[in-house]
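The values are calculated or read from the model by the stated rules, or taken from the named source; none is laboratory data. Remember, it's a predicted structure, so these values are computed and weren't measured experimentally. Backbone-built Cβ (ideal geometry, glycine too); neighbour counts: all protein chains shown.
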Amino acid sequence: MKRFSFGAVERPVRVAIVGAGPSGFYAAESLLKRAGISIRVDMLDRLPTPFGLVRGGVAPDHQKIKAVTTIYTRVAEMPGFRFFGNVMLGRDISIEDLKGNYDQIIYAVGNESDRKMRIPGEELIGSCPATEFVGWYNGHPEHKEHVFDLSVERVAVVGVGNVAMDVTRILSRRPDELEDSDISHYALEALRESRVREILILGRRGFAQASFTTKEIKEIAELSGVDLIIDPSEVVLDQLSEGDLSDANCRRNVEFLTDQSKLGEGVEPKKVKLRFLVSPVEILGRNGRVEAVRIEKNELYRDESGTSKPRGKNEFETLEVGMVLRSVGYRGVPIPGVPFDQNLGRIPNESGRVTDEGDNRIEGQYVVGWAKRGPTGLIGTNRRDSIITVDSMLKDLKGKTAKGLPKGEEEAFPGMLRERGVRFVAFEDWKRLNGFEIERGREKGKIREKFTTITEMYKALDQ
Ligand code: NAP
């Protein structure tokens, strides 16, 4: 039997990408743009809609960031690319199914869960992950049913990263400024009725260790009707923090926060108060609902690796709040049959090659994005990172040969899905859904009105 090199026209490399977020699309782009090698990419997503956190995570008032979907759409329109939305690994198909149909598999599954603070009261009504709030205002089908009680006046946001900035902005921004965005209609209605007047953002380390970018914290200071308040006594640069100033974002943050702390309380109706060197130790409640958060003041020390860490000083304070949004980071969810590092919350790998507990490579399986390196970096970070994984994939195929593929072989995977009664959404279907959403938005003067249930999406497609 005649054999061909992988990537020869007679024997295209067949790649399955699980997950249609940024890292998956950058991997697809890198694969499909390689010169002199024939590659086919099938991308699956458990949702009928593509674009992962760009659709379900990026805040509705950050439309410029969402414009990156134009690039992903161009990738999806390249020859050799197919999209299978509403196909979930572990529910509709197994790893064995993928191995049977593809030469290489890329896990681009992101981090679908969130970290916990592991303090008493975390499960009270009114305490939840910020990611839940994000999914809710973005109309994610899995979060749309969550009910947020915005009749409370004070909210604590735990953590000082960019997700904390997003939820703080959406809670404090004037709702009329969101009217033309793609925010879900129910979230906009709830925000219009909101009585939230004060948001306390709690950082466990100092102002020099805040992980938000200066652009994001400045945006809060610039919101109309909002004062950003920082206690000058919490922005004093100690000797230890001076050592962290080598980081450019840290330097910019220190400069901005120091200036901002001099402005005092201000006169605006809504207040965002940034607190540093405090950790929640308990969420207190009455009748099962959040009533307050107890915090402990911290001091910094350097651990053996040289990182600044917080340490409790045994001084406590109780802050009355009606809601606690913990914004302390995302976390990966294990996929049955795929190695998972429980400590780090991600798929273990070497330059994107999935490895098992004994650090041995698992042939043909790769990982990109947050599932590979953890929940860090901006959207663009994933481009460079996905290219590294694709380099590893193509290196692994060098010198390898295979039999030619039988005619019509590319129909085997969709055929299998149909046989199982899985109704998948192709990219052309998504384009129709996209058109419907834009049309629905236009009627209301919005950029788009998203479908927020899978039933609605299919109903629209069946029109
Ligand atoms: P992040 O930047 O890692 O921030 C997590 C925050 O939670 C940190 O302040 C961390 O403090 C704190 N934290 C962790 N465990 C804690 C605990 N037990 N108690 C109290 N505080 C705790 O993560 P993120 O905000 O979830 O964002 C994820 C990634 O997405 C980041 O790379 C971010 O830049 C990106 N993102 C970007 C945008 C944007 O560009 N607009 C928007 C959203 C997200 P320590 O530093 O002390 O660990």
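I need every pair where a residue in segment 311-326 that is surrounded by 15 or more Cβ atoms within 10 Å (Cβ to Cβ) has its Cβ under 6 Å from the Cβ of a residue that is basic (Lys, Arg) and at pLDDT 95 or above, sequence separation at least 6 or different chains.
Hits for this filter: VAL321/ARG154.
In segment 113-132, which residues are away from the ligand (no atom under 14 Å from the Cβ), under 25 Å from ASP61 (Cα atoms) and of a type in the set (A, V, I, L, M, F, W, C)?
Matches in segment 113-132: CYS128 only.
Scan segment 135-163 for residues that are part of a helix (DSSP H, G or I) and closer than 22 Å to ARG289 by Cβ and report the count.
3
ASN382: touching a residue at least 24 places away in the same chain (Cβ under 8 Å), within 16 Å of the ligand (Cβ to nearest atom), touching a Gly at 6+ places or on another chain (Cβ under 7 Å) and under 25 Å from GLU282 (Cα atoms), yes or no? Spell out how you get there, then give the answer.
Details: touching a residue at least 24 places away in the same chain (Cβ under 8 Å): yes; within 16 Å of the ligand (Cβ to nearest atom): yes; touching a Gly at 6+ places or on another chain (Cβ under 7 Å): yes; under 25 Å from GLU282 (Cα atoms): no.
Against the criterion (touching a residue at least 24 places away in the same chain (Cβ under 8 Å), within 16 Å of the ligand (Cβ to nearest atom), touching a Gly at 6+ places or on another chain (Cβ under 7 Å) and under 25 Å from GLU282 (Cα atoms)), ASN382 does not qualify.
If you scan segment 427-450, which residues turn out to be assigned to a loop (DSSP other than H, G, I, E, B) and either without any contact (Cβ under 8 Å) to a residue 40 or more places away in the chain or surrounded by 15 or more Cβ atoms within 10 Å (Cβ to Cβ) (or both)? Don't jump to the end; show me each part of the working.
Start the filter on segment 427-450 by keeping residues that are assigned to a loop (DSSP other than H, G, I, E, B), which leaves 445-450.
Once the filter is applied, which keeps residues that are assigned to a loop (DSSP other than H, G, I, E, B) and either without any contact (Cβ under 8 Å) to a residue 40 or more places away in the chain or surrounded by 15 or more Cβ atoms within 10 Å (Cβ to Cβ) (or both), segment 427-450 yields LYS446, ILE447, ARG448, GLU449, LYS450.
Tally time: how many residues in segment 146-158 are within 11 Å of the ligand (Cβ to nearest atom) and in contact with an Asp or Glu (Cβ under 7 Å, 6 or more places away or on another chain)?
Of the residues in segment 146-158, 0 are within 11 Å of the ligand (Cβ to nearest atom) and in contact with an Asp or Glu (Cβ under 7 Å, 6 or more places away or on another chain).
Considering segment 1-41 alone, what residues qualify as being small (Gly, Ala, Ser) and surrounded by fewer than 21 Cβ atoms within 10 Å (Cβ to Cβ)?
Start the filter on segment 1-41 by keeping residues that are small (Gly, Ala, Ser), which leaves 5, 7-8, 16, 19-21, 23-24, 27-28, 30, 35-36, 38.
Answer for segment 1-41, where residues must be small (Gly, Ala, Ser) and surrounded by fewer than 21 Cβ atoms within 10 Å (Cβ to Cβ): SER5, GLY7, ALA8, ALA35, GLY36, SER38.
Could you list, in sequence order, the residues of segment 265-290 that are over 15 Å from ILE119 (Cβ atoms), away from the ligand (no atom under 12 Å from the Cβ) and either of a type outside the set (Val, Ile, Thr) or within 29 Å of the chain's Cα centre (by Cα) (or both)?
Applying the first criterion (over 15 Å from ILE119 (Cβ atoms)) to segment 265-290 yields 265-277, 286-289.
Checking which are away from the ligand (no atom under 12 Å from the Cβ) leaves us with 265-273, 286-289.
The answer is GLU265, GLY266, GLU268, PRO269, LYS270, LYS271, VAL272, LYS273, ARG286, ASN287, GLY288, ARG289.
Within the bounds of segment 255-264, is there any residue that is on the phi > 0 side of the Ramachandran plot, loosely packed, with under 13 Cβ neighbours inside 10 Å, small (Gly, Ala, Ser) and more than 30 Å from the chain's Cα centre (by Cα)? Step through it out loud before you land on a result.
From segment 255-264, those on the phi > 0 side of the Ramachandran plot are 264; that's our starting set.
Those still in the list that are loosely packed, with under 13 Cβ neighbours inside 10 Å too: 264.
Applying the additional criterion that residues be small (Gly, Ala, Ser) yields 264.
Those left that are additionally more than 30 Å from the chain's Cα centre (by Cα): 264.
Within segment 255-264, one or more residues are on the phi > 0 side of the Ramachandran plot, loosely packed, with under 13 Cβ neighbours inside 10 Å, small (Gly, Ala, Ser) and more than 30 Å from the chain's Cα centre (by Cα).
Mind telling me which of the residues THR131, THR70, THR49 ends up being out of contact with any helix residue (DSSP H, G or I) (no Cβ under 9 Å at 6 or more places or on another chain) and of a type outside the set (Asp, Glu)?
Numbers: THR131 fails: out of contact with any helix residue (DSSP H, G or I) (no Cβ under 9 Å at 6 or more places or on another chain); THR49 fails: out of contact with any helix residue (DSSP H, G or I) (no Cβ under 9 Å at 6 or more places or on another chain).
Every option except THR70 fails the conditions.
Among the residues in segment 336-347, are any in contact (Cβ under 8 Å) with a residue 40 or more places away in the chain and among the β-branched types (Val, Ile, Thr)? If you could, list the steps in order and put the result at the bottom.
So in segment 336-347, the residues in contact (Cβ under 8 Å) with a residue 40 or more places away in the chain come out as 336-338, 345-347.
This time we only want the ones that are among the β-branched types (Val, Ile, Thr), so: 338, 347.
Among the residues of segment 336-347, at least one is in contact (Cβ under 8 Å) with a residue 40 or more places away in the chain and among the β-branched types (Val, Ile, Thr), which makes the answer yes.
Could you tell me whether GLU304 is surrounded by 15 or more Cβ atoms within 10 Å (Cβ to Cβ), free of Cβ contacts under 8 Å to residues at least 24 places away in the same chain and not assigned by the TED database to the domain that holds LEU98?
Working: surrounded by 15 or more Cβ atoms within 10 Å (Cβ to Cβ): no; free of Cβ contacts under 8 Å to residues at least 24 places away in the same chain: yes; not assigned by the TED database to the domain that holds LEU98: yes.
Considered against the rule, which asks whether it is surrounded by 15 or more Cβ atoms within 10 Å (Cβ to Cβ), free of Cβ contacts under 8 Å to residues at least 24 places away in the same chain and not assigned by the TED database to the domain that holds LEU98, GLU304 comes out as no.
Looking at segment 53-91, which of the residues that are more than 16 Å from the ligand (Cβ to nearest atom) and assigned to a helix (DSSP H, G or I) is nearest to PRO22 (Cα to Cα)?
Let us first name the residues in segment 53-91 that are more than 16 Å from the ligand (Cβ to nearest atom), namely 70-91.
With assigned to a helix (DSSP H, G or I) added as a condition, the list becomes 70-76.
Values: THR70: 12, ILE71: 10, TYR72: 8, THR73: 11, ARG74: 13, VAL75: 11, ALA76: 12 Å.
For segment 53-91, the residue satisfying everything is TYR72.
Filter segment 114-124 down to residues that are exposed (fewer than 15 other Cβ atoms within 10 Å of the Cβ) and in contact with an Asp or Glu (Cβ under 8 Å, 6 or more places away or on another chain) and give me whichever is nearest to LEU191 (Cα to Cα). Full working, then the answer.
Filtering segment 114-124 down to residues exposed (fewer than 15 other Cβ atoms within 10 Å of the Cβ) leaves 116, 118, 120, 123.
Okay, now just the ones that are also in contact with an Asp or Glu (Cβ under 8 Å, 6 or more places away or on another chain), so 116, 120.
Details: LYS116: 26, PRO120: 29 Å.
Applying the filter and picking the extreme gives LYS116.
Would segment 22-33 turn up any residue that is under 24 Å from LYS99 (Cβ atoms) and within 16 Å of the ligand (Cβ to nearest atom)?
Checking segment 22-33: at least one residue is under 24 Å from LYS99 (Cβ atoms) and within 16 Å of the ligand (Cβ to nearest atom).
From the list LEU188, LEU200, LEU245, LEU171, which one is out of contact with any helix residue (DSSP H, G or I) (no Cβ under 9 Å at 6 or more places or on another chain) and either assigned to a helix (DSSP H, G or I) or within 28 Å of GLY312 (Cα to Cα) (or both)?
Details: LEU188 fails: out of contact with any helix residue (DSSP H, G or I) (no Cβ under 9 Å at 6 or more places or on another chain); LEU245 fails: out of contact with any helix residue (DSSP H, G or I) (no Cβ under 9 Å at 6 or more places or on another chain); LEU171 fails: out of contact with any helix residue (DSSP H, G or I) (no Cβ under 9 Å at 6 or more places or on another chain).
Only one candidate qualifies: LEU200.
Listed here are the residues, each with its yes/no results for (1) hydrophobic (A, V, I, L, M, F, W, C); (2) more than 19 Å from ASN138 (Cα to Cα).
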{"position": "GLU409", "(1), (2)": "no, yes"}
{"position": "PHE413", "(1), (2)": "yes, yes"}
{"position": "LEU417", "(1), (2)": "yes, yes"}
{"position": "LEU433", "(1), (2)": "yes, no"}
{"position": "ARG440", "(1), (2)": "no, no"}
{"position": "THR453", "(1), (2)": "no, no"}
{"position": "ALA460", "(1), (2)": "yes, yes"}
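Among residues belonging to segment 224-253 that are small (Gly, Ala, Ser) and farther than 30 Å from ASP176 by Cβ, point out the one that is surrounded by the most Cβ atoms within 10 Å (Cβ to Cβ).
Step by step, filter segment 224-253, then rank; the result is SER241.
Residues to consider are GLY139, GLY135, GLY161; find the one that is more than 11 Å from the ligand (Cβ to nearest atom) and surrounded by fewer than 22 Cβ atoms within 10 Å (Cβ to Cβ).
Matching residue, one of GLY139, GLY135, GLY161: GLY135.
Quick one: in segment 229-242, which of the residues that are part of a helix (DSSP H, G or I) and either in contact with a strand residue (DSSP E or B) (Cβ under 8 Å, 6 or more places away or on another chain) or not assigned by the TED database to the domain that holds LEU277 (or both) is nearest to GLU198 (Cα to Cα)?
From segment 229-242, those part of a helix (DSSP H, G or I) are 232-234, 239-242; that's our starting set.
Checking the rest, the ones that are also either in contact with a strand residue (DSSP E or B) (Cβ under 8 Å, 6 or more places away or on another chain) or not assigned by the TED database to the domain that holds LEU277 (or both) come to 234, 240-241.
Details: GLU234: 19, LEU240: 31, SER241: 28 Å.
It comes out as GLU234.
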